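To keep things clear, I will list the structure first and then write my remarks on it.
The values are calculated or read from the model by the stated rules, or taken from the named source; none is laboratory data. No experiment lies behind these values; they were computed from the predicted model shown. All Cβ positions, glycine included, derive from the backbone under ideal geometry; neighbour counts span all protein chains shown. For the accessible areas, the whole protein counts, side chains as well, though only heavy atoms, and no ligand, DNA or RNA atoms are used. Shrake-Rupley method; radii C 1.70, N 1.55, O 1.52, S 1.80 Å.
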Amino acid sequence: MQHLFGPVLSRRLGLSMGVDLLPHKTCNMGCIYCELGCTRKLTTERASYFSPERVLAEIKSRADEGFDYLTFAGSGEPTLSSDLGQILREAKKIVDSPLAVITNSSLLISKEVRNEISEADVVLPSLDAATPKAFQAIDRPAKSLRIEKIIEGLRALRQEYRGEIWLEVMLVEDVNDDDIEAIARAARSIDPDRIQINTVVRPPAEPVSPLSKERMLEVLNYFNDAELIPDWDWNVPKASEDTILDLLKDRPSTLEEICSRIGMNREKAIKCLKILETEGKISKKPQGGHQYFEVHEKALIQKCLGPGSI
Ligand code: SF4
């Protein structure tokens, strides 16, 4: 099994190289919005699923590819891997980029897990509910998990951890949006560095609905200083597309070069590149410790011959 994936362009983490420590869909929850589909192995037991040496060898082999974060996430809940702490500690010696862990927060009640995760530079925990009813509805947790304990674990992490905590709240219409006041209260008591509010923009495996843009803006009022993650305007203006493709046709470029050569801010450039990559118009390749974006051959031909020509 390959443990590294990407780097992917991520709005929250820029160019993020993923590390997966678990067999497909091993989790202690079965969130209704999960993009990975049904949880295949529902467990709360931590275990060593793969040899840490193998994972570290893979990290080492790709350490020079140039990415903003090495991000532990992937096929399930990364804290279920009992090798997480050791791998984070060793990975720090191998890569220059900061380390991030995306977690569903469930095991943060354990001091051992908090100590392990504290090796990361950024922790991105989720909090989708603050009452048992909403917790059951949205996250469908393993029987032993209690939302009150999870919130306690998040507070303890805040007190002990010196790195950044970016708390994500995922909202699904008619499932947990009624819990928002309680979630906001819990978030205040946790005091993360950032609160990022999200809704289901990419189609998950189950038929669930996102909150409307208007409702999401309303939700922001419950928090002191939260950010909205979804982007309702998922397109690249024609002029920006042409400028980027012309630039890359001349010369493959890094994200930083693209931003400075066309005077585009990083967040907007990430969005445009992500869309163009999804549409198969550009691709990226590592070279000399950087990720270079280049025009995909198909887009080049299309650009020369005009739309609809192939
Ligand atoms: S915690 Fe993450 S991996 Fe587990 S079911 Fe929820 S979204 Fe999927």
Any pair with Cβ under 8 angstrom, 6 or more apart, that starts in the range 23-36 at a residue that is under 16 Å from H3 (Cα atoms) and ends at one that is within 7 Å of the ligand (Cβ to nearest atom) and open to solvent by 40 Å² or more (accessible area, probe 1.4 Å) = H24/L36; K25/L36
remark   = Conditions (1) surrounded by 15 or more Cβ atoms within 10 Å (Cβ to Cβ); (2) at positive phi -> T254 fails only (2)
key: Members of the range 46-68 found to be away from the ligand (no atom under 15 Å from the Cβ), in a loop (DSSP other than H, G, I, E, B) and among the charged types (D, E, K, R), listed by number   = D68
inquiry  = Residue under question is V122, and the condition is that it be open to solvent by less than 10 Å² (accessible area, probe 1.4 Å) and either closer than 17 Å to N28 by Cα or among the aromatic types (F, W, Y) (or both); does it hold?
reply    = no
request  = Mind listing just one residue for me: the one in the range 17-44 that is part of a strand (DSSP E or B) and farther than 28 Å from E173 by Cα and, of those, farthest from the ligand (Cβ to nearest atom)?
outcome  = M17
Breaking point among (1) out of contact with any Ser or Thr (no Cβ under 9 Å at 6 or more places or on another chain); (2) at pLDDT 95 or above, for C34 = (2)
inquiry  = Would you confirm whether or not the range 225-239 contains a residue that is touching a residue at least 24 places away in the same chain (Cβ under 8 Å) and among the basic types (K, R)?
reply    = no
query = Looking at I102, I94, which one is within 12 Å of the ligand (Cβ to nearest atom) and either outside the structural domain of E256 (by TED's automatic domain parsing) or closer than 21 Å to T254 by Cβ (or both)?
reply = I102
task = Could you run through the range 257-272 and say how many residues are farther than 16 Å from M17 by Cα and open to solvent by less than 50 Å² (accessible area, probe 1.4 Å)?
result = 7
note = Residues in the range 125-135 that are more than 14 Å from the ligand (Cβ to nearest atom) and either buried (at least 23 other Cβ atoms within 10 Å of the Cβ) or closer than 30 Å to K93 by Cα (or both) total 1
ask   = Conditions: (1) in a helix (DSSP H, G or I); (2) more than 14 Å from the ligand (Cβ to nearest atom); (3) within 20 Å of the chain's Cα centre (by Cα). I138 meets all but one. Number of the miss?
value = (2)
